[in-house]
Amino acid sequence: MFNPDINDYQLTSIITECCGGVAVVYSALYKPNNQNVAIKRYFVDKTKENASLIQQDILTRKELQHANILPYLTSFVHGKELYVVSPLMTFGSCRDILDHYFQEGLPELACALVLRDVLQALQYLHKQLYIHRSVRASHVLVGANGGVRLSGLRSAASLMVRGRRQRHLHQLPPPDADNTNLMWLSPELLEQNLKGYDEKSDIYSLGVLCCELANGAVPFAEVPTTLMFTEKVRGSRPQLLDCSTFPEPCLDDSEMKSMYNTDSGVGDSADGVMRLRQLYAARKLSDTFHHLSEMALQREPDKRPSATQLLNHPFFKQIRKTDYLPGLIGRVKPIKPDLSDMSALLLQEKLSEMEIEKTTEWDF
Amino acid sequence: MDPRMCRKISSSESLPDADNIEYEVSNIIAPQESDDNFMLDGSPEPHSVTWLDNDQIDDLDLNLDPTNLCFHRVDSADIIYRNKKKKCKMVGKYVMGDVLGEGSYGKVKEMLDSETLCRRAVKILKKRKLRRIPNGEQNVQREIQLLRILRHKNVIELVDVMYNDEKQKMYLVMEFCVGVLQDMLEGSPGKKFPQRQAHDYFTQLLDGLEYLHGQGVVHKDIKPGNLLLTLDQTLKITDFGVAEALDMFSPEDTCYTGQGSPAFQPPEIANGAEQFSGVKVDIWSSGVTLYNMTTGRYPFEGDNVYRLLESIGRGEPAPPPPSLGPTLGALLTNMLKRDPDLRPTVHEIKRHSWVKARPPLEAGERMVTPRSRRSDELHTSTVIPYLVERHYPSAQEYFTERDYRHELGDGGSRTLSTAELSDAESRGRKRRWHSSCGRLPSCRLT
């Protein structure tokens, strides 16, 4: 058991900032047994979203017990902040891994290992009548031994509503800070019509995750949200990029860049784009991988296979017992306590104090 | 098929003289000969084309003389459909869709939040129209003030308020709902719901009322016309135009004005009492609503507003029909007590045995679904065609039956059902996609 007391934890580094700046994830040492943990610190006052979503996240995780779902250890309030303790996932999220080490996407076998674990998590969630609604690389965490766990349960929804089993849901998941979560969501979920959506919506998101892991970039990331919506509604399917799907480079650079979202931001040179393009055009992903993503990304939810069916897909036959995810993504450095990070941490403490002074205005 | 979705083109060439009333029924263009586009280029073809809009088409149908009715046989392959141009319009971050309803104050339209993709409804209020309604501006102000503080699953949420000073318009952005109980009642057999369905709605109405009364708010205009349903059948109390926030520090719930709808008004208001209990007004109106939902009738009826109010003020309500069963009958009689003090509170109603036990769906009864204004049973977003217009500028405006059947992939060997035809618009959209799919090569068509 983990004590809900800040004094039992020694913060060791900042892992990431998330939820649009309202939360920071730290790695920490749990002093009583020297175990590494991750602590998510919410600045509850800053959150525009109500605290009930954080509560929902905790309640759902407490209820769920599965090797591929991020467990909840404990939570407590200290000062004006809420701390939620989870096991430390040493290699961070797949999104971080893609951004820092694999801009062209993960090797196919690594994709297979990750996707299999995510499907096992989904299989369990769906059996428990939950729909995850935010299956995306940033919610897929990789632990020290290569174990993969799904997080992001704050947007999960139960098909049990007021004690009655619903066949379909109709509401959008709670919006995230920058509305990026919409890119992974299925057409029928986004449509918000009387038909509603069910757990097959997660399968579509898994298909988008296939593309994200393999291509490095998220499909639809560079197009306006409303165009992403109409594209999905009209049945356009994201694809895995390799020599079989990548068209002849006949377009000029700027156009290519926006279409393939290979421009990851400031400092990205045209050479980098060129390099990625050549990488895609030169590689060949297996037919079973293409097939898996196509099955998952079908417009008609009923045609998509269930998580259980997908686990039996030939794509996963390539996995051998000895395959080890950390070995496949060898360049990824595990999260380690870092002194320079700690200075940043101290600075952050100061900043938050300054803010308190700033906001202490008496206004009668 | 919704006439707004497709407009048909009629050829004047085949139209007979005006005095000889013999109209062509199918609104068809001249047979399509060599060139698909001969009509569209404005080419100097001998046939001059008359464009009929929907109203004219309706008139045509009305003027049909059954004795002289003559059908020109036209091959279905010769029909050309035209997609109505949908001009995409933004208000703030919202994309406008079709009209959902119309009131004295202005229109209610569907909208889409372009950032969150959440469907919304917007009440568009025109200052000019509002001034003509008694207490119009005042009621709107009150509604906004109240809705801003109210937050409950069964109370409509006001999401955003926008103003356009230039156009003298105000936009109240609300949660999106698919139907009004009133419309559903009107479209159902016997103008009533099965008890099971009425029970679902009534219990949600009670939850909403319990919250409102707990917040010191009296609605004063509860009726099926002010109860909306969301996609997942959650009931939302709407229209707080005549609602009133009670004085928080007063032990009483005394109100002085009532402006609700006559058929749902209690005797004390019908008789013009100077002051009355606000909470008990809502109880009465909820009683009339339940009466109406389960019987299809009203406890009081009258030829005109005056007679109606007179009968409410003087008489006893028509007893609930015995077919409702004794428990529901007793509940209705209780809620419709002339003396407000004798009417039960929300808490008491919640403990009533009819409310506590969910009635089963009787044999032969069917749940009533929200009516659709369009041919679309699923209430799909009406914003999509506007978005298509915006994002796919090369959109094909015209398509023929053959194109459409080609879309269906059956080689045109089958006759189309009306349901399929009503889907023509969406097929047309899909078709246009073909021409524009070059934009996102990382995607492929289903």
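The values are calculated or read from the model by the stated rules, or taken from the named source; none is laboratory data. Remember, it's a predicted structure, so these values are computed and weren't measured experimentally. Counting neighbours? That spans all protein chains shown, and the Cβs are built from the backbone with ideal geometry, glycine included.
Residues that are in a helix (DSSP H, G or I) and either buried (at least 21 other Cβ atoms within 10 Å of the Cβ) or polar (S, T, N, Q) (or both) do occur in segment A:154-176.
Restricting segment A:191-211 to residues that are on the phi < 0 side of the Ramachandran plot, in a loop (DSSP other than H, G, I, E, B) and within 14 Å of another protein chain (Cβ to nearest Cβ), the residue that is nearest to the chain's Cα centre (by Cα) is A:Asp198.
Restricting attention to segment A:296-337, the residues being over 23 Å from A:Val37 (Cα atoms) and among the aromatic types (Phe, Trp, Tyr) number 2.
One line per residue, one yes/no per condition, for (1) outside the structural domain of A:Glu188 (by TED's automatic domain parsing); (2) at pLDDT 90 or above; (3) touching a Lys or Arg at 6+ places or on another chain (Cβ under 7 Å):
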position	(1), (2), (3)
A:Val223	no, yes, no
A:Leu227	no, yes, no
A:Arg234	no, yes, yes
A:Asp252	yes, no, no
A:Lys257	yes, no, no
A:Gly267	yes, no, no
A:Gly272	yes, no, no
A:Arg277	yes, no, no
A:Tyr280	yes, no, no
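Looking for something of a type in the set (Gly, Ala, Ser) and surrounded by fewer than 15 Cβ atoms within 10 Å (Cβ to Cβ) - is there at least one such residue anywhere in segment A:87-110?
Residues of segment A:87-110 that are of a type in the set (Gly, Ala, Ser), as a first pass: A:92-93, A:105, A:110.
Cutting the leftovers down to surrounded by fewer than 15 Cβ atoms within 10 Å (Cβ to Cβ) gives us none.
Looking through segment A:87-110, none of the residues is of a type in the set (Gly, Ala, Ser) and surrounded by fewer than 15 Cβ atoms within 10 Å (Cβ to Cβ).
List the helices (runs of 4 or more DSSP H) that sit entirely inside segment B:313-412 and contain at least 2 residues that are at pLDDT 85 or above. Full working, then the answer.
Numbers: elements: B:326-335, B:346-350, B:353-356, B:384-391, B:401-408.
Counting at least 2 such residues, we get B:326-335, B:346-350, B:353-356, B:384-391.
Against the conditions (1) more than 14 Å from every other protein chain (Cβ to nearest Cβ); (2) free of Cβ contacts under 8 Å to residues at least 24 places away in the same chain, B:Leu150 satisfies every one except (2).
Remark: pairs (first residue in segment B:168-190, within 14 Å of chain A (Cβ to nearest Cβ); second residue among the hydroxyl-bearing types (Ser, Thr, Tyr); Cβ separation under 7 Å; 6+ apart in sequence or on different chains) = B:Glu175/B:Thr230; B:Cys177/B:Thr230; B:Val178/B:Thr230.
To keep it simple, each residue is scored yes or no on (1) in contact with a strand residue (DSSP E or B) (Cβ under 9 Å, 6 or more places away or on another chain); (2) modelled with pLDDT under 95.
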site: A:Asp117; (1), (2): yes, no
site: A:Leu125; (1), (2): yes, no
site: A:Ser134; (1), (2): no, no
site: A:Ala137; (1), (2): yes, no
site: A:Leu141; (1), (2): yes, no
site: A:Arg154; (1), (2): no, yes
site: A:Gly163; (1), (2): no, yes
site: A:Leu169; (1), (2): yes, no
site: A:Asp178; (1), (2): no, yes
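Is it fair to say A:Asn7 is over 13 Å from A:Tyr83 (Cβ atoms) and at pLDDT 85 or above? Let's see the steps before the verdict.
Values: over 13 Å from A:Tyr83 (Cβ atoms): no; at pLDDT 85 or above: yes.
In short, no.
Taking the criterion of being at the interface with chain B (Cβ under 8 Å from one of its Cβ atoms), outside any helix (DSSP H, G or I) and of a type in the set (Val, Ile, Thr), would at least one residue in segment A:215-234 satisfy it? Yes.
Inspect segment B:273-280 for any residue being within 21 Å of B:Pro319 (Cα to Cα) and assigned to a loop (DSSP other than H, G, I, E, B) and give the result as yes or no. Don't jump to the end; show me each part of the working.
Just the residues of segment B:273-280 that are within 21 Å of B:Pro319 (Cα to Cα), to begin with: B:280.
Among the residues that remain, those that are also assigned to a loop (DSSP other than H, G, I, E, B) are: none.
No.
Of the numbered criteria (1) within 14 Å of chain A (Cβ to nearest Cβ); (2) over 14 Å from B:Val155 (Cα atoms); (3) in a loop (DSSP other than H, G, I, E, B), the one B:Glu252 fails is (1). Restricting the first member to segment A:189-200 and to residues that are assigned by TED's automatic domain parsing to the domain that holds A:Phe229, and the second to residues that are of a type in the set (Phe, Trp, Tyr), the beta-carbon pairs closer than 6 Å and six or more apart or on different chains are A:Leu189/A:Tyr197; A:Leu190/A:Phe229.
Yes or no, residue by residue, for (1) surrounded by 16 or more Cβ atoms within 10 Å (Cβ to Cβ); (2) within 24 Å of A:Asp202 (Cα to Cα):
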| residue | (1), (2) |
| --- | --- |
| A:Leu285 | yes, yes |
| A:Phe289 | yes, yes |
| A:Met295 | yes, yes |
| A:Lys303 | no, yes |
| A:Thr308 | no, yes |
| A:Phe315 | yes, yes |
| A:Lys321 | no, no |
| A:Tyr324 | no, no |
| A:Gly327 | no, no |
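Condition test on A:Leu70, is it touching a residue at least 60 places away in the same chain (Cβ under 8 Å), more than 18 Å from A:Val118 (Cβ to Cβ) and under 18 Å from the mean Cα position of the chain (by Cα)? So that I can check it myself, show each step before the final result.
Working: touching a residue at least 60 places away in the same chain (Cβ under 8 Å): yes; more than 18 Å from A:Val118 (Cβ to Cβ): no; under 18 Å from the mean Cα position of the chain (by Cα): yes.
It is false that A:Leu70 is touching a residue at least 60 places away in the same chain (Cβ under 8 Å), more than 18 Å from A:Val118 (Cβ to Cβ) and under 18 Å from the mean Cα position of the chain (by Cα).
Of all residues in segment B:86-122, those satisfying the criterion of being away from chain A (no Cβ under 13 Å) and part of a strand (DSSP E or B) are B:Val91, B:Asp98, B:Val99, B:Leu100, B:Gly101, B:Glu102, B:Lys107, B:Val108, B:Lys109, B:Val122.
Step by step: first the residues of segment B:155-210, then only those that are part of a loop (DSSP other than H, G, I, E, B) and of a type in the set (S, T, N, Q), then the one that is nearest to A:His170 (Cα to Cα). Which residue is that? Working first, answer last.
Within segment B:155-210, the subset part of a loop (DSSP other than H, G, I, E, B) is B:156-157, B:165-168, B:176-178, B:187-188, B:192-194.
Checking which are of a type in the set (S, T, N, Q) leaves us with B:168, B:188.
Numbers: B:Gln168: 35, B:Ser188: 24 Å.
The residue in question is B:Ser188.
Within segment A:9-64, the set of residues being part of a helix (DSSP H, G or I), surrounded by fewer than 18 Cβ atoms within 10 Å (Cβ to Cβ) and of a type in the set (Lys, Arg) comprises A:Lys31, A:Lys62.
Would you mind stating whether A:Leu141 is in a helix (DSSP H, G or I) and either outside the structural domain of A:Cys18 (by TED's automatic domain parsing) or more than 19 Å from the chain's Cα centre (by Cα) (or both)? Explain how you work it out, then say what you get.
Details: in a helix (DSSP H, G or I): no; either outside the structural domain of A:Cys18 (by TED's automatic domain parsing) or more than 19 Å from the chain's Cα centre (by Cα) (or both): yes.
Here the answer is no, as A:Leu141 does not meet what is asked.
Return yes or no: is A:Tyr124 surrounded by fewer than 19 Cβ atoms within 10 Å (Cβ to Cβ) and under 17 Å from A:Asp202 (Cα atoms)? In short, yes.
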